Amino acid sequence: MRIRPTGLLIVIATCVLMPAQVGLARTMVSGLDDATLTVPGGTTDFPPGYEDYHTYAEMMADITAIAAAHPDIVAVSSIGLSYEGREIPIVKISDNVNVDENEPEILIDGLHHAREHLATEQALEIISMLVDGYGTNPRITRLVDTRVWWIIPMVNPDGSEWDIHGGHFHRWRKNRQPNGPGQPIGTDLNRNYSFDWGCCSGSSGHPGSEYYRGPAPFSAPETQDVRDFVESRVIGGKQQITVHLTFHSTGEEVLWPWAHTSATTGEGMTRDDHRVFVALGTAMAQRNGYTAEQSDKLYPTDGDEIDWMFGAQGIFSFTIELYPKGGGGSNRWYTPESLIGPETTRNNSAVLYLASKADCPWKVIGKAAQYCG
Ligand code: 3K0
Ligand code: CA
Ligand code: ZN
């Protein structure tokens, strides 16, 4: 096996994840005052009845504890800071986890959108599934041994904390980056990626919009962090990550690129690539009971993550919209905590299926020999 240097990642020392974690972030960031680094309004938990959801601090404590209990297969590091200076952690799961082995890689992220808290729970459930199944479930053991899993449970920690401040929900979507004096706050992180940024009426140029794309591609620290991490996985000219899932809510959908156009080919997407997307997406939807379709069919978006993942990095990338199905009203993101378990474990089979294809996604259309030698 090829051994590589650790590269760009900074391993978070265990001390960062204790209650003093925000203190450590403070030492790493200049020019920020205490107010920007504490939870707004002194919030310590989710609103009443939703306490089973993970706050940023609880998420950090959980993944650190899991890594400490399973140091052979779990490592936590950071992809960088949010606008307000919070570390954005990434969990690596694989055998020989401290070695950069030459194994197919799968990337999973959650919570681009602040109020979609179930997405963080989904990422944490996948971590638990892998760790609990390792050594007991043969399929999971094999998929940990032969893959590298990268999991970013909370891309938008500032937004998540803001959404729960003051003991009630705020239906917040964007990050918490200011847009200048007198302007509304925040960028829609899922409109801020550079691939065909702002091309196609799938985002807004107005800071007041929920879908504000930001003043420039990758103007948000959080999307920069995701970009820099993914680019750091290009080794010897080859992107090591082959498949990617980003979790959102709501709608119960499995969505693939393109998101900005109804075209099924072009801009680097071949007919075979499209067939791979349809095959993988349909197979995942059979496993979780969701609807499978091209992202654009839901509504066109531009500057979104999956278009960049495939268009710029060649990664087979899907948006999964979690429970509930369509409709659901203006509080549809706030799924009762009793459903966290059933509605996240529901996706385990789809996730394992995708990981099983990470060695050569084209094998699902019978073209492994042609594309993967
Ligand atoms: O790839 C996509 O189609 C993203 C869909 C996503 C979005 O960014 O508009 N839907 S959400 O905002 O309701 N989670
Ligand atoms: Ca490994
Ligand atoms: Zn979303």
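The values are calculated or read from the model by the stated rules, or taken from the named source; none is laboratory data. The shown structure was predicted, so the numbers you read here are calculated from the model rather than taken from an experiment. All Cβ positions, glycine included, derive from the backbone under ideal geometry; neighbour counts span all protein chains shown. What goes into the accessible areas is simple: the full protein's heavy atoms, side chains included, and nothing from ligands, DNA or RNA. Shrake-Rupley method; radii C 1.70, N 1.55, O 1.52, S 1.80 Å.
Only one of the numbered conditions (1) over 18 Å from Val234 (Cα atoms); (2) surrounded by 21 or more Cβ atoms within 10 Å (Cβ to Cβ); (3) touching a helix residue (DSSP H, G or I) at 6+ places or on another chain (Cβ under 6 Å) is violated by Asp109, and that is (3). Answer yes or no as to whether Glu252 is surrounded by fewer than 21 Cβ atoms within 10 Å (Cβ to Cβ), in contact with an Asp or Glu (Cβ under 7 Å, 6 or more places away or on another chain) and touching a residue at least 12 places away in the same chain (Cβ under 8 Å). Criteria met by Glu252.
Residue pairs whose Cβ atoms lie under 6 Å apart, sitting 6 or more positions apart in sequence or on different chains, and linking a residue in the stretch 202-228 that is closer than 20 Å to Arg86 by Cα to a partner that is β-branched (Val, Ile, Thr) and more than 14 Å from ligand 1 (Cβ to nearest atom), are Asp225/Ile79; Asp225/Ile88. Take the conditions (1) β-branched (Val, Ile, Thr); (2) within 21 Å of Thr345 (Cα to Cα); (3) in contact with a helix residue (DSSP H, G or I) (Cβ under 7 Å, 6 or more places away or on another chain); (4) open to solvent by 10 Å² or more (accessible area, probe 1.4 Å); Ile93 misses just one of them, which is (4).
Select, from Ile79, Ile106, Ile88, the only residue that is in contact (Cβ under 8 Å) with a residue 12 or more places away in the chain, part of a strand (DSSP E or B) and within 16 Å of ligand 2 (Cβ to nearest atom).
After applying the criteria, what remains is Ile106.
Taken over the stretch 170-187, residues that are buried (at least 18 other Cβ atoms within 10 Å of the Cβ) and touching a residue at least 40 places away in the same chain (Cβ under 8 Å) amount to 6.
Okay, residues lined up against (1) surrounded by 23 or more Cβ atoms within 10 Å (Cβ to Cβ); (2) without any contact (Cβ under 8 Å) to a residue 24 or more places away in the chain:
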{"residue": "Glu293", "(1), (2)": "no, no"}
{"residue": "Glu305", "(1), (2)": "yes, no"}
{"residue": "Gly329", "(1), (2)": "no, yes"}
{"residue": "Leu352", "(1), (2)": "no, no"}
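Among the residues of this structure, Thr43 does not count as one that is over 30 Å from Lys238 (Cβ atoms), hydroxyl-bearing (Ser, Thr, Tyr) and at pLDDT below 50. Residues of the stretch 153-163 include none that is within 16 Å of ligand 1 (Cβ to nearest atom), within 21 Å of Ile235 (Cα to Cα) and at pLDDT 95 or above. On the stretch given as the stretch 136-167, residues that are within 16 Å of ligand 3 (Cβ to nearest atom) and more than 21 Å from Ile63 (Cα to Cα) total 2.
The set of residues in the stretch 111-141 being at positive phi and either within 16 Å of ligand 1 (Cβ to nearest atom) or assigned to a helix (DSSP H, G or I) (or both) consists of Leu111 alone. Of all the criteria given as (1) assigned to a helix (DSSP H, G or I); (2) under 30 Å from Trp333 (Cβ atoms); (3) of a type in the set (A, V, I, L, M); (4) within 15 Å of ligand 2 (Cβ to nearest atom), the one not satisfied by Val144 is (2). Taken as a whole, the structure places Ala279 among residues that are among the aliphatic types (A, V, I, L, M) and assigned to a helix (DSSP H, G or I).
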